[in-house]
Amino acid sequence: MHPDLRTQPALISSLAGIPQEIRVFQRSVMVGHAGGALTMPCQISKSVDYVHWFRQLEGQAPERLLYLALSKRDVQWDSVLRGDKVNAARGTDGKSCTMSLRKLAKSDEGLYYCATWGSAQQCAQPRDLHKKR
């Protein structure tokens, strides 16, 4: 099991060139049931343009599932999972979003996290997904 981390700060550059800290908040562990669905929230401390969702399965490298434009109603899926398996939605506050996994299976167990960044700086928070057996 991964450490119980709640936030991980990073610096992003502002237009004025002054670094600003941005934080991502997520629940550290969520449990889903086989055949069910699970929605994972992601809260950002400041407005950002995009939020990316990643997963890391045991023994594998992280892979991006999708990214979401918080200023528009645009979700761009990567080819990892089909649209009927995963979806994302932005919050009405412009600083939050959710990712939903449907048709949960044992193969979905892993570390899921949202991330956002400006320039080369990154902010991410891991989340474990463990199914009840």
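The values are calculated or read from the model by the stated rules, or taken from the named source; none is laboratory data. As the structure is a prediction and not an experimental result, all values here were calculated from the model. When we count neighbours, we look across all protein chains shown, and the Cβ atoms used for this are built from the backbone with ideal geometry, even at glycine.
Details
- Strands (runs of 3 or more DSSP E) contained entirely in the stretch 48-116, each with at least 1 residues that are buried (at least 20 other Cβ atoms within 10 Å of the Cβ) and among the small types (G, A, S): 86-90
- Scanning the stretch 51-65 for residues that are farther than 24 Å from G91 by Cα and touching a strand residue (DSSP E or B) at 6+ places or on another chain (Cβ under 9 Å) turns up Q56, L57, E58, Q60, P62.
- Scanning the stretch 49-75 for residues that are touching a Leu at 6+ places or on another chain (Cβ under 6 Å) and modelled with pLDDT under 90 yields a count of 1.
- So S96, is it more than 17 Å from V24 (Cα to Cα) and of a type in the set (S, T, Y): no
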